[in-house]
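A short worksheet on the structure shown next.
The values are calculated or read from the model by the stated rules, or taken from the named source; none is laboratory data. Worth saying up front: this structure is predicted, and the values here are computed from it rather than measured. The area values use the complete protein model at the heavy-atom level, side chains included, leaving out ligands, DNA and RNA. Shrake-Rupley method; radii C 1.70, N 1.55, O 1.52, S 1.80 Å.
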Amino acid sequence: MTQAFDIVIVGAGMVGAALATGLGRSGFRVALVDRGSAPEFDPSLPPDIRVSALSAGSERYLNDLDVWPGMLAMRATPYARLAVWDETRHPLSNLLPRKVADVVFDASNLSARHLGHIVENRITQQALWNSAAALNSVSLFPDNAVSHLENGDHHAAVTLEDGTELECQLVVGADGAASGVRELAGIGVTKDQYQQQAMVISVRYQGPVEDITWQGFYPSGPRAFLPLHAAGNGESWASLVWYDSPEQLAHLKSLDNRALMAEIQNAFPPELPLLTHIEAKASFPIARQHAKTYVNNRVVLVGDAAHTINPLAGQGVNLGFQDAHCLQTVIREAKRAGCDLADPEWLTKYEQQRRPANRRMMMVMDVFYHLFSNRTPPLHLLRNLGLGAAKAMPFARNRVAKYAMGIDDELPPLIRQLAERLPGMKQL
Ligand SMILES: Cc1cc2nc3c(=O)[nH]c(=O)nc-3n(C[C@H](O)[C@H](O)[C@H](O)COP(=O)(O)OP(=O)(O)OC[C@H]3O[C@@H](n4cnc5c(N)ncnc54)[C@H](O)[C@@H]3O)c2cc1C
(Lines give C-alpha, C1' and ligand atoms only; values in the text may rest on other atoms or scores of the structure.)
Protein backbone atom coordinates (compact mmCIF):
# COMPACT_ATOMS: atom_id res chain seq x y z
CA MET A 1 0.00 0.00 0.00
CA THR A 2 1.32 3.49 -0.88
CA GLN A 3 0.91 6.40 1.53
CA ALA A 4 1.75 10.03 0.65
CA PHE A 5 3.69 12.46 2.84
CA ASP A 6 5.62 15.69 2.40
CA ILE A 7 8.71 14.32 4.11
CA VAL A 8 9.87 10.86 5.19
CA ILE A 9 12.41 10.80 8.02
CA VAL A 10 14.30 7.53 8.38
CA GLY A 11 15.66 7.12 11.92
CA ALA A 12 13.83 8.28 15.05
CA GLY A 13 16.92 8.69 17.22
CA MET A 14 17.25 11.96 19.09
CA VAL A 15 17.93 13.96 15.91
CA GLY A 16 15.30 12.40 13.60
CA ALA A 17 12.59 12.56 16.28
CA ALA A 18 13.43 16.24 16.99
CA LEU A 19 13.23 17.10 13.30
CA ALA A 20 9.89 15.26 12.95
CA THR A 21 8.50 17.24 15.88
CA GLY A 22 9.73 20.56 14.44
CA LEU A 23 8.36 19.85 10.96
CA GLY A 24 5.11 18.36 12.26
CA ARG A 25 4.50 21.46 14.37
CA SER A 26 4.90 23.55 11.19
CA GLY A 27 2.13 21.54 9.53
CA PHE A 28 4.17 19.27 7.23
CA ARG A 29 2.89 15.73 6.76
CA VAL A 30 5.77 13.64 8.11
CA ALA A 31 6.42 9.88 8.21
CA LEU A 32 8.92 8.90 10.92
CA VAL A 33 10.40 5.42 10.45
CA ASP A 34 12.59 3.51 12.89
CA ARG A 35 13.71 -0.08 12.99
CA GLY A 36 13.36 0.00 16.80
CA SER A 37 10.31 0.32 19.07
CA ALA A 38 9.26 3.33 21.15
CA PRO A 39 11.77 3.90 23.96
CA GLU A 40 10.38 3.46 27.47
CA PHE A 41 11.35 5.30 30.63
CA ASP A 42 10.79 3.66 33.99
CA PRO A 43 11.90 5.89 36.93
CA SER A 44 12.51 2.83 39.11
CA LEU A 45 15.13 1.44 36.73
CA PRO A 46 18.85 2.34 36.77
CA PRO A 47 19.97 4.98 34.24
CA ASP A 48 20.42 4.27 30.55
CA ILE A 49 24.07 3.43 29.81
CA ARG A 50 23.99 6.03 26.99
CA VAL A 51 23.97 9.57 28.30
CA SER A 52 24.68 12.91 26.58
CA ALA A 53 25.85 16.28 27.78
CA LEU A 54 23.24 18.58 26.23
CA SER A 55 24.42 22.15 25.72
CA ALA A 56 22.47 25.30 26.57
CA GLY A 57 21.87 25.68 22.80
CA SER A 58 20.24 22.21 22.65
CA GLU A 59 18.17 23.05 25.72
CA ARG A 60 16.86 26.16 23.95
CA TYR A 61 15.98 24.15 20.83
CA LEU A 62 14.23 21.39 22.82
CA ASN A 63 12.39 24.07 24.78
CA ASP A 64 11.16 25.63 21.52
CA LEU A 65 9.88 22.17 20.54
CA ASP A 66 8.11 22.07 23.92
CA VAL A 67 9.80 18.81 24.96
CA TRP A 68 12.32 20.16 27.48
CA PRO A 69 9.86 20.45 30.42
CA GLY A 70 8.84 16.79 29.89
CA MET A 71 12.51 15.77 29.93
CA LEU A 72 13.15 17.68 33.16
CA ALA A 73 10.09 16.00 34.65
CA MET A 74 11.69 12.62 33.91
CA ARG A 75 15.39 13.13 34.80
CA ALA A 76 18.16 15.56 33.82
CA THR A 77 21.21 16.61 35.82
CA PRO A 78 22.48 20.19 35.44
CA TYR A 79 26.20 20.88 35.74
CA ALA A 80 27.53 24.33 36.58
CA ARG A 81 31.26 23.58 36.20
CA LEU A 82 33.39 21.72 33.69
CA ALA A 83 37.04 20.98 34.47
CA VAL A 84 39.83 19.67 32.23
CA TRP A 85 43.46 18.99 33.04
CA ASP A 86 46.52 17.08 31.84
CA GLU A 87 47.45 13.93 33.79
CA THR A 88 50.61 13.05 31.84
CA ARG A 89 53.60 12.43 34.07
CA HIS A 90 56.96 13.90 33.09
CA PRO A 91 60.38 14.22 34.76
CA LEU A 92 59.43 17.41 36.59
CA SER A 93 56.04 16.10 37.77
CA ASN A 94 57.17 15.46 41.31
CA LEU A 95 58.43 19.02 41.74
CA LEU A 96 55.22 20.69 40.59
CA PRO A 97 51.69 20.83 41.97
CA ARG A 98 49.71 17.86 40.60
CA LYS A 99 47.66 19.96 38.20
CA VAL A 100 49.68 22.92 37.03
CA ALA A 101 47.17 24.00 34.47
CA ASP A 102 43.71 22.73 35.32
CA VAL A 103 41.01 24.79 33.64
CA VAL A 104 37.59 25.17 35.17
CA PHE A 105 34.75 26.61 33.12
CA ASP A 106 32.18 28.01 35.52
CA ALA A 107 28.61 29.02 34.71
CA SER A 108 28.80 31.85 37.24
CA ASN A 109 31.48 33.58 35.10
CA LEU A 110 29.00 33.59 32.22
CA SER A 111 26.09 34.81 34.32
CA ALA A 112 24.40 31.48 33.64
CA ARG A 113 22.87 29.01 36.11
CA HIS A 114 24.43 26.00 34.39
CA LEU A 115 26.66 25.06 31.45
CA GLY A 116 24.45 22.18 30.35
CA HIS A 117 22.64 19.02 31.48
CA ILE A 118 23.60 15.37 31.45
CA VAL A 119 20.57 13.48 30.13
CA GLU A 120 20.02 9.78 29.47
CA ASN A 121 19.52 9.25 25.71
CA ARG A 122 16.42 7.12 26.41
CA ILE A 123 14.77 10.11 28.11
CA THR A 124 15.49 12.57 25.30
CA GLN A 125 14.36 10.04 22.72
CA GLN A 126 11.17 9.14 24.57
CA ALA A 127 10.16 12.77 25.13
CA LEU A 128 10.67 13.42 21.42
CA TRP A 129 8.78 10.27 20.30
CA ASN A 130 5.88 11.27 22.57
CA SER A 131 5.74 14.79 21.19
CA ALA A 132 6.01 13.59 17.57
CA ALA A 133 3.32 10.93 18.13
CA ALA A 134 0.96 13.51 19.66
CA LEU A 135 0.93 15.53 16.42
CA ASN A 136 -1.76 14.68 13.84
CA SER A 137 0.66 15.57 11.07
CA VAL A 138 3.27 12.94 12.09
CA SER A 139 2.81 9.19 11.46
CA LEU A 140 5.19 6.80 13.20
CA PHE A 141 6.38 3.57 11.61
CA PRO A 142 8.27 1.74 14.40
CA ASP A 143 9.87 -1.71 14.06
CA ASN A 144 10.37 -1.11 10.37
CA ALA A 145 13.53 -0.55 8.35
CA VAL A 146 14.01 0.76 4.83
CA SER A 147 14.61 -1.79 2.10
CA HIS A 148 14.45 0.37 -1.03
CA LEU A 149 14.79 4.04 -1.94
CA GLU A 150 13.67 5.80 -5.11
CA ASN A 151 15.34 9.18 -5.50
CA GLY A 152 13.55 10.50 -8.62
CA ASP A 153 13.43 13.89 -10.30
CA HIS A 154 9.77 14.52 -9.49
CA HIS A 155 9.25 12.56 -6.29
CA ALA A 156 10.95 10.17 -3.86
CA ALA A 157 9.67 6.91 -2.40
CA VAL A 158 10.81 4.68 0.44
CA THR A 159 9.83 1.01 0.67
CA LEU A 160 9.78 -0.51 4.15
CA GLU A 161 10.67 -4.09 4.99
CA ASP A 162 6.99 -4.97 5.51
CA GLY A 163 6.23 -3.77 1.96
CA THR A 164 4.67 -0.41 2.88
CA GLU A 165 5.55 2.30 0.35
CA LEU A 166 5.89 5.93 1.47
CA GLU A 167 5.88 8.56 -1.26
CA CYS A 168 7.17 12.07 -0.58
CA GLN A 169 9.02 15.13 -1.84
CA LEU A 170 12.01 14.73 0.48
CA VAL A 171 13.69 11.84 2.34
CA VAL A 172 15.78 12.66 5.40
CA GLY A 173 18.46 10.18 6.48
CA ALA A 174 18.63 10.46 10.28
CA ASP A 175 19.59 6.82 10.68
CA GLY A 176 22.91 7.20 12.44
CA ALA A 177 26.57 6.60 11.64
CA ALA A 178 25.97 3.44 9.56
CA SER A 179 23.15 5.16 7.63
CA GLY A 180 21.39 2.89 5.14
CA VAL A 181 19.74 5.90 3.49
CA ARG A 182 23.16 7.43 2.85
CA GLU A 183 24.28 4.21 1.21
CA LEU A 184 21.08 3.77 -0.85
CA ALA A 185 21.51 7.38 -2.06
CA GLY A 186 25.09 6.62 -3.11
CA ILE A 187 26.65 9.22 -0.80
CA GLY A 188 30.19 8.34 0.24
CA VAL A 189 32.08 9.31 3.40
CA THR A 190 35.58 10.26 4.47
CA LYS A 191 36.46 8.27 7.57
CA ASP A 192 39.30 8.07 10.09
CA GLN A 193 39.28 5.49 12.85
CA TYR A 194 40.89 6.78 16.05
CA GLN A 195 43.35 4.54 17.87
CA GLN A 196 41.20 4.78 20.97
CA GLN A 197 37.81 3.36 21.92
CA ALA A 198 35.44 4.56 24.62
CA MET A 199 34.13 2.49 27.52
CA VAL A 200 31.13 3.87 29.36
CA ILE A 201 30.53 2.63 32.91
CA SER A 202 27.36 3.34 34.90
CA VAL A 203 28.20 3.65 38.60
CA ARG A 204 26.89 4.76 41.99
CA TYR A 205 29.00 6.88 44.33
CA GLN A 206 28.74 8.03 47.91
CA GLY A 207 27.57 11.62 48.35
CA PRO A 208 25.10 14.16 46.95
CA VAL A 209 24.77 14.87 43.21
CA GLU A 210 27.88 16.77 42.06
CA ASP A 211 27.53 19.93 39.95
CA ILE A 212 30.80 19.36 38.08
CA THR A 213 31.74 17.23 35.09
CA TRP A 214 35.47 16.68 34.57
CA GLN A 215 37.95 15.08 32.26
CA GLY A 216 41.61 14.22 33.00
CA PHE A 217 43.74 13.70 29.88
CA TYR A 218 46.16 10.74 29.94
CA PRO A 219 48.43 9.80 27.00
CA SER A 220 46.26 6.69 26.42
CA GLY A 221 43.08 8.84 26.33
CA PRO A 222 40.85 10.90 28.63
CA ARG A 223 38.98 9.63 31.71
CA ALA A 224 35.79 11.50 32.46
CA PHE A 225 33.15 11.84 35.16
CA LEU A 226 29.56 12.85 34.31
CA PRO A 227 27.17 13.30 37.27
CA LEU A 228 23.64 11.87 37.16
CA HIS A 229 20.65 11.97 39.53
CA ALA A 230 20.40 10.94 43.21
CA ALA A 231 20.14 7.20 43.88
CA GLY A 232 18.78 7.38 47.47
CA ASN A 233 20.52 6.35 50.71
CA GLY A 234 23.01 9.22 50.35
CA GLU A 235 24.27 7.89 47.01
CA SER A 236 24.17 9.28 43.45
CA TRP A 237 24.49 7.87 39.95
CA ALA A 238 27.26 8.84 37.54
CA SER A 239 28.58 7.85 34.17
CA LEU A 240 32.32 7.29 33.72
CA VAL A 241 33.98 7.33 30.33
CA TRP A 242 37.35 5.63 29.88
CA TYR A 243 39.09 6.15 26.52
CA ASP A 244 41.93 3.76 25.82
CA SER A 245 43.41 1.35 23.25
CA PRO A 246 41.11 -1.44 21.98
CA GLU A 247 43.43 -3.99 23.70
CA GLN A 248 43.16 -2.28 27.11
CA LEU A 249 39.38 -1.94 26.77
CA ALA A 250 39.07 -5.63 25.79
CA HIS A 251 40.97 -6.45 28.99
CA LEU A 252 38.71 -4.20 31.09
CA LYS A 253 35.57 -5.70 29.56
CA SER A 254 36.74 -9.21 30.45
CA LEU A 255 36.91 -8.34 34.18
CA ASP A 256 34.16 -8.96 36.71
CA ASN A 257 32.77 -5.89 38.47
CA ARG A 258 34.95 -6.26 41.55
CA ALA A 259 38.17 -6.35 39.48
CA LEU A 260 36.93 -3.53 37.23
CA MET A 261 36.21 -1.39 40.30
CA ALA A 262 39.82 -1.90 41.45
CA GLU A 263 41.12 -0.90 38.00
CA ILE A 264 38.97 2.25 37.99
CA GLN A 265 40.13 3.26 41.45
CA ASN A 266 43.71 2.78 40.38
CA ALA A 267 43.40 4.55 37.02
CA PHE A 268 41.03 7.47 37.63
CA PRO A 269 42.27 10.72 39.21
CA PRO A 270 41.70 11.35 42.95
CA GLU A 271 38.80 13.71 42.11
CA LEU A 272 36.65 10.59 41.56
CA PRO A 273 34.15 10.27 44.45
CA LEU A 274 34.01 7.02 46.41
CA LEU A 275 32.34 4.45 44.15
CA THR A 276 29.98 1.92 45.71
CA HIS A 277 28.57 -0.04 42.77
CA ILE A 278 29.01 -0.78 39.05
CA GLU A 279 25.67 -1.14 37.29
CA ALA A 280 26.59 -1.61 33.61
CA LYS A 281 29.37 -1.14 31.07
CA ALA A 282 29.58 -0.89 27.28
CA SER A 283 32.27 0.07 24.81
CA PHE A 284 32.08 2.02 21.56
CA PRO A 285 34.52 2.32 18.66
CA ILE A 286 35.14 5.96 17.83
CA ALA A 287 35.68 7.42 14.39
CA ARG A 288 35.60 10.74 12.62
CA GLN A 289 33.33 10.43 9.61
CA HIS A 290 31.93 13.05 7.26
CA ALA A 291 29.50 12.48 4.37
CA LYS A 292 30.95 13.76 1.09
CA THR A 293 27.74 15.68 0.53
CA TYR A 294 24.71 16.24 2.78
CA VAL A 295 22.32 16.39 -0.18
CA ASN A 296 21.73 14.16 -3.19
CA ASN A 297 18.67 15.16 -5.22
CA ARG A 298 15.71 14.36 -2.90
CA VAL A 299 17.77 12.90 -0.06
CA VAL A 300 19.29 14.97 2.75
CA LEU A 301 21.33 13.81 5.76
CA VAL A 302 21.27 15.03 9.39
CA GLY A 303 22.99 14.06 12.66
CA ASP A 304 25.35 11.10 12.80
CA ALA A 305 24.27 10.04 9.29
CA ALA A 306 26.04 13.18 8.07
CA HIS A 307 28.92 13.36 10.57
CA THR A 308 30.36 11.55 13.57
CA ILE A 309 32.98 13.18 15.75
CA ASN A 310 35.22 12.11 18.59
CA PRO A 311 32.86 12.10 21.62
CA LEU A 312 35.54 13.40 24.00
CA ALA A 313 33.78 16.72 24.52
CA GLY A 314 30.27 15.28 24.10
CA GLN A 315 29.18 17.36 21.13
CA GLY A 316 27.71 14.81 18.65
CA VAL A 317 24.01 15.15 19.32
CA ASN A 318 24.34 18.89 19.97
CA LEU A 319 25.55 19.25 16.38
CA GLY A 320 22.72 16.97 15.23
CA PHE A 321 20.13 19.22 16.89
CA GLN A 322 21.71 22.22 15.15
CA ASP A 323 21.35 20.35 11.82
CA ALA A 324 17.69 19.60 12.58
CA HIS A 325 16.98 23.19 13.56
CA CYS A 326 18.66 24.54 10.43
CA LEU A 327 16.97 22.04 8.09
CA GLN A 328 13.49 22.66 9.46
CA THR A 329 14.00 26.42 8.98
CA VAL A 330 15.20 25.96 5.39
CA ILE A 331 12.30 23.62 4.52
CA ARG A 332 9.78 26.08 6.00
CA GLU A 333 11.27 28.90 3.93
CA ALA A 334 11.23 26.76 0.76
CA LYS A 335 7.52 26.13 1.32
CA ARG A 336 6.82 29.80 2.02
CA ALA A 337 8.55 30.66 -1.28
CA GLY A 338 6.25 28.17 -3.07
CA CYS A 339 9.16 25.84 -3.96
CA ASP A 340 9.51 22.06 -4.09
CA LEU A 341 10.76 20.92 -0.65
CA ALA A 342 13.77 19.33 -2.38
CA ASP A 343 14.60 22.47 -4.34
CA PRO A 344 18.42 22.35 -4.68
CA GLU A 345 18.78 26.06 -4.01
CA TRP A 346 17.23 25.69 -0.55
CA LEU A 347 18.89 22.41 0.36
CA THR A 348 22.26 23.91 -0.60
CA LYS A 349 21.63 26.66 1.95
CA TYR A 350 21.32 23.92 4.61
CA GLU A 351 24.61 22.31 3.60
CA GLN A 352 26.37 25.67 3.32
CA GLN A 353 25.44 26.51 6.89
CA ARG A 354 25.97 23.16 8.54
CA ARG A 355 29.04 21.64 6.84
CA PRO A 356 31.53 24.34 7.96
CA ALA A 357 30.10 24.38 11.50
CA ASN A 358 30.31 20.56 11.84
CA ARG A 359 33.78 20.53 10.29
CA ARG A 360 34.93 23.17 12.79
CA MET A 361 33.83 21.06 15.75
CA MET A 362 35.54 17.96 14.23
CA MET A 363 38.75 19.96 14.00
CA VAL A 364 38.56 21.10 17.61
CA MET A 365 38.07 17.51 18.78
CA ASP A 366 41.10 16.49 16.72
CA VAL A 367 43.25 19.25 18.21
CA PHE A 368 42.44 17.86 21.66
CA TYR A 369 42.92 14.25 20.53
CA HIS A 370 46.33 14.87 18.91
CA LEU A 371 47.64 17.26 21.55
CA PHE A 372 46.74 15.10 24.52
CA SER A 373 47.38 11.57 23.18
CA ASN A 374 51.06 12.37 22.93
CA ARG A 375 53.89 11.95 25.39
CA THR A 376 56.59 13.98 23.61
CA PRO A 377 57.90 16.81 25.84
CA PRO A 378 57.32 19.71 23.34
CA LEU A 379 53.65 18.77 23.01
CA HIS A 380 53.38 18.28 26.74
CA LEU A 381 54.74 21.78 27.21
CA LEU A 382 52.50 23.20 24.47
CA ARG A 383 49.27 21.79 25.91
CA ASN A 384 50.14 22.93 29.42
CA LEU A 385 50.97 26.37 28.08
CA GLY A 386 47.62 26.29 26.27
CA LEU A 387 45.75 25.24 29.41
CA GLY A 388 47.77 27.73 31.47
CA ALA A 389 46.86 30.49 29.02
CA ALA A 390 43.19 29.51 29.17
CA LYS A 391 43.41 29.61 32.95
CA ALA A 392 45.05 33.03 32.91
CA MET A 393 42.71 34.55 30.32
CA PRO A 394 39.11 34.51 31.45
CA PHE A 395 38.00 36.14 28.19
CA ALA A 396 39.42 33.32 26.00
CA ARG A 397 38.17 30.70 28.45
CA ASN A 398 34.67 32.12 28.42
CA ARG A 399 34.67 32.16 24.61
CA VAL A 400 35.58 28.46 24.52
CA ALA A 401 32.85 27.77 27.07
CA LYS A 402 30.27 29.66 25.01
CA TYR A 403 31.29 27.73 21.90
CA ALA A 404 30.89 24.41 23.75
CA MET A 405 27.54 25.57 25.15
CA GLY A 406 26.26 26.19 21.63
CA ILE A 407 25.84 29.92 22.35
CA ASP A 408 28.73 31.22 20.23
CA ASP A 409 29.63 30.09 16.69
CA GLU A 410 33.17 31.42 16.56
CA LEU A 411 36.27 29.73 17.95
CA PRO A 412 39.23 31.63 19.39
CA PRO A 413 41.64 32.18 16.44
CA LEU A 414 44.57 30.20 17.96
CA ILE A 415 42.52 26.99 18.17
CA ARG A 416 41.20 27.55 14.65
CA GLN A 417 44.73 27.97 13.27
CA LEU A 418 46.03 24.89 15.11
CA ALA A 419 43.11 22.83 13.81
CA GLU A 420 43.64 23.85 10.19
CA ARG A 421 47.20 22.46 10.39
CA LEU A 422 46.14 18.94 11.44
CA PRO A 423 46.64 16.04 9.02
CA GLY A 424 43.51 15.03 7.12
CA MET A 425 41.61 18.27 7.75
CA LYS A 426 41.80 19.54 4.17
CA GLN A 427 39.70 16.69 2.76
CA LEU A 428 36.86 16.99 5.32
C1 LIG B 1 30.65 6.99 24.10
C2 LIG B 1 29.84 8.10 23.48
C3 LIG B 1 29.49 9.20 24.25
C4 LIG B 1 28.78 10.27 23.67
N5 LIG B 1 28.46 11.35 24.44
C6 LIG B 1 27.84 12.41 23.88
C7 LIG B 1 27.53 13.57 24.64
O8 LIG B 1 27.84 13.67 25.83
N9 LIG B 1 26.91 14.63 24.01
C10 LIG B 1 26.58 14.56 22.70
O11 LIG B 1 26.06 15.55 22.16
N12 LIG B 1 26.82 13.45 21.96
C13 LIG B 1 27.44 12.38 22.51
N14 LIG B 1 27.70 11.27 21.76
C15 LIG B 1 27.26 11.24 20.37
C16 LIG B 1 25.76 10.98 20.27
O17 LIG B 1 25.43 9.79 20.96
C18 LIG B 1 25.36 10.87 18.80
O19 LIG B 1 25.85 11.99 18.10
C20 LIG B 1 23.84 10.82 18.67
O21 LIG B 1 23.30 9.68 19.29
C22 LIG B 1 23.43 10.85 17.20
O23 LIG B 1 22.03 10.88 17.13
P24 LIG B 1 21.27 10.51 15.78
O25 LIG B 1 19.83 10.64 16.09
O26 LIG B 1 21.86 11.27 14.65
O27 LIG B 1 21.68 8.99 15.48
P28 LIG B 1 21.39 7.68 16.34
O29 LIG B 1 21.35 7.97 17.78
O30 LIG B 1 22.39 6.68 15.87
O31 LIG B 1 19.92 7.23 15.90
C32 LIG B 1 19.68 6.61 14.67
C33 LIG B 1 18.28 5.99 14.69
O34 LIG B 1 18.04 5.43 13.40
C35 LIG B 1 17.49 4.12 13.52
N36 LIG B 1 17.90 3.38 12.31
C37 LIG B 1 19.14 3.02 11.94
N38 LIG B 1 19.11 2.41 10.73
C39 LIG B 1 17.82 2.37 10.34
C40 LIG B 1 17.15 1.86 9.19
N41 LIG B 1 17.83 1.27 8.19
N42 LIG B 1 15.81 2.00 9.10
C43 LIG B 1 15.11 2.60 10.11
N44 LIG B 1 15.71 3.10 11.23
C45 LIG B 1 17.03 2.99 11.35
C46 LIG B 1 18.08 3.58 14.81
O47 LIG B 1 17.25 2.59 15.38
C48 LIG B 1 18.15 4.85 15.69
O49 LIG B 1 16.96 5.02 16.44
C50 LIG B 1 28.39 10.19 22.31
C51 LIG B 1 28.71 9.07 21.55
C52 LIG B 1 29.44 8.03 22.12
C53 LIG B 1 29.81 6.83 21.28
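Per residue, region 198-270 exposes an accessible area of 38 Å² to a 1.4 Å probe, with every protein chain left in place. Using the 1.4 Å probe convention, the accessible area of region 6-92 works out to 38 Å² per residue with neighbouring protein chains retained. Using a probe of 1.4 angstrom and keeping all protein chains present, the accessible surface of region 152-194 works out to 44 square angstrom per residue. With N counted as the residues of region 282-365, its alpha-carbon radius of gyration over 2.2 N^0.38 Å works out to 1.16.
Out of the total accessible area of region 57-216 (probe 1.4 Å, heavy atoms of protein only), what percent is carbon and sulfur? Looking at region 57-216 in its full context, I get 47 percent from C and S. Accessible surface comparison of 77, 190, probe 1.4 Å, protein chains only, largest first: the order is 190, 77. Legend: residues 349, 253, sorted from most to least accessible area (1.4 Å probe; ligands, DNA and RNA excluded), read 253, 349.
All alpha carbon pair distances within region 27-164 were sorted into 10 Å bins beginning at 0; the resulting P(r) in whole percents reads 10, 26, 25, 19, 12, 6, 2, 0.
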